[in-house]
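Student: Have a look at the structure that comes next, please.
The values are calculated or read from the model by the stated rules, or taken from the named source; none is laboratory data. This structure is a prediction, so every number in the text was calculated from the model and none was measured. Here the Cβ positions follow ideal geometry from the backbone for every residue, glycine too, while neighbour counts run over all protein chains shown.
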Amino acid sequence: MPTIDETAQTDALTASATDGRIRPGGRAAHGEIAPPAWAPWAAIGGITGSLALGASFGIVPKPPAVGAPTAVLDAYARANHDSLLWTAWLEGIGTLLYVTFLLSLVHLAGANRRLSGALTLLAAAAVLGISLVYDVCLIAMAQGPELGGPQLTTGPVAYGLWAACEHAFLIAPAILLPLGFALRGSAVFPRAFWTSAIVLGCVSEALGLVGLFYAHPNNGGAAGLALNVLVGIEVIWVLGAAGYMLRKGKHLAS
């Protein structure tokens, strides 16, 4: 007959398996938590995605004013054709890896079936959708002058949409906000990670509203600078989470 201590330990293991969350001294049921070999790959994807996003923002040449004549925009696109295409590719791939890593955190926390997990998935879809529009605009800008004819008028329209997408990223649901609640209460990450994610998510929504009215085109001015700093801090958060997950991957999934 099992002792009282053995019964309590069995109950703890069963409880941790039913909600899919890792607890000290317990483990989630098979299939609810990523296997040990899976977590490091997710972390590598998060790091790669963050670096790709940073590179995409760094290599894009400084664009002309939003109200510049069509001839100026065409000259800009011709001179920077390859850079614009590389920017589109890096931004698209980087965003895909970025949101995939954040969703892997939801999976590891066992929050797939909770509201916070569903909202994180919704935010990831919104961010990825805006990213694709952003990339389409860059490709249209780069290809318009080469195609010629009616496509010459595509460049100014695509450029205007591209500039607007910079604001849409922060109007979309802040993905770190529901992610923070998804990680809350799990043993996947320390308290500092999920609390900072919630704070960054709230600040993102607030600055998104402020930037919509006060940021200059191409994120210029004080409000634009604040937006760029916020994006940089969020990338650092992802790099930190990925580094922690890479170092503790086997422990988190065991």
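Student: Given the options Ala43, Ala17, name the one that is touching a Lys or Arg at 6+ places or on another chain (Cβ under 9 Å), aliphatic (A, V, I, L, M), farther than 24 Å from Tyr159 by Cα and at pLDDT 85 or above. Don't jump to the end; show me each part of the working.
Tutor: On the way: Ala17 fails: at pLDDT 85 or above.
Sole residue among the options that is touching a Lys or Arg at 6+ places or on another chain (Cβ under 9 Å), aliphatic (A, V, I, L, M), farther than 24 Å from Tyr159 by Cα and at pLDDT 85 or above: Ala43.
Student: Report, by residue number, each residue of the range 109-124 that is assigned to a helix (DSSP H, G or I), among the hydrophobic types (A, V, I, L, M, F, W, C) and surrounded by 15 or more Cβ atoms within 10 Å (Cβ to Cβ).
Tutor: Once the filter is applied, which keeps residues that are assigned to a helix (DSSP H, G or I), among the hydrophobic types (A, V, I, L, M, F, W, C) and surrounded by 15 or more Cβ atoms within 10 Å (Cβ to Cβ), the range 109-124 yields Ala118, Leu119, Leu121, Ala123, Ala124.
Student: Counting only residues that are assigned to a helix (DSSP H, G or I), surrounded by fewer than 16 Cβ atoms within 10 Å (Cβ to Cβ) and either touching a helix residue (DSSP H, G or I) at 6+ places or on another chain (Cβ under 7 Å) or not aliphatic (A, V, I, L, M) (or both), how many does the range 58-80 have?
Tutor: The first filter runs over the range 58-80 and keeps only residues assigned to a helix (DSSP H, G or I), leaving 58-59, 70-79.
Right, trim to surrounded by fewer than 16 Cβ atoms within 10 Å (Cβ to Cβ) and you get 58-59, 70-72, 75, 78-79.
Of the ones still in play, those that are also either touching a helix residue (DSSP H, G or I) at 6+ places or on another chain (Cβ under 7 Å) or not aliphatic (A, V, I, L, M) (or both) are 58-59, 70, 78.
The total comes to 4.
Student: Right, next: Could you grab the pairs with beta carbons closer than 9 Å, sequence gap of 6+ or different chains, first residue in the range 81-101 and among the hydrophobic types (A, V, I, L, M, F, W, C), second one outside any helix (DSSP H, G or I)?
Tutor: Pairs that qualify, where the first residue is among the hydrophobic types (A, V, I, L, M, F, W, C) and the partner is outside any helix (DSSP H, G or I), are Leu84/Val60; Leu84/Pro61; Trp86/Val60; Val99/Ile175.
Student: Considering each residue of the range 154-180, count those that are closer than 29 Å to His107 by Cα and more than 16 Å from the chain's Cα centre (by Cα), and give that number.
Tutor: 0
Student: Taking the criterion of being assigned to a helix (DSSP H, G or I), β-branched (Val, Ile, Thr) and in contact with a Gly (Cβ under 6 Å, 6 or more places away or on another chain), would at least one residue in the range 130-146 satisfy it?
Tutor: no
Student: Moving to a separate point now. Looking only at residues in the range 197-250 that are surrounded by fewer than 19 Cβ atoms within 10 Å (Cβ to Cβ) and among the hydroxyl-bearing types (Ser, Thr, Tyr), which one is modelled with the lowest pLDDT?
Tutor: Tyr214
Student: Collect the residues in the range 158-185 that are modelled with pLDDT under 90, in contact with a Leu (Cβ under 8 Å, 6 or more places away or on another chain) and closer than 27 Å to Gly243 by Cα, keeping them in residue-number order.
Tutor: Leu170, Pro173, Ala174
Student: Scanning for something modelled with pLDDT under 90 and within 30 Å of Ala242 (Cα to Cα), does the range 61-76 turn up at least one residue?
Tutor: Looking through the range 61-76, at least one residue is modelled with pLDDT under 90 and within 30 Å of Ala242 (Cα to Cα).
Student: Would you check which residues across the range 62-74 are touching a residue at least 12 places away in the same chain (Cβ under 8 Å) and under 13 Å from Gly144 (Cβ atoms) and list them?
Tutor: Within the range 62-74, Thr70, Leu73, Asp74 meet the criteria.
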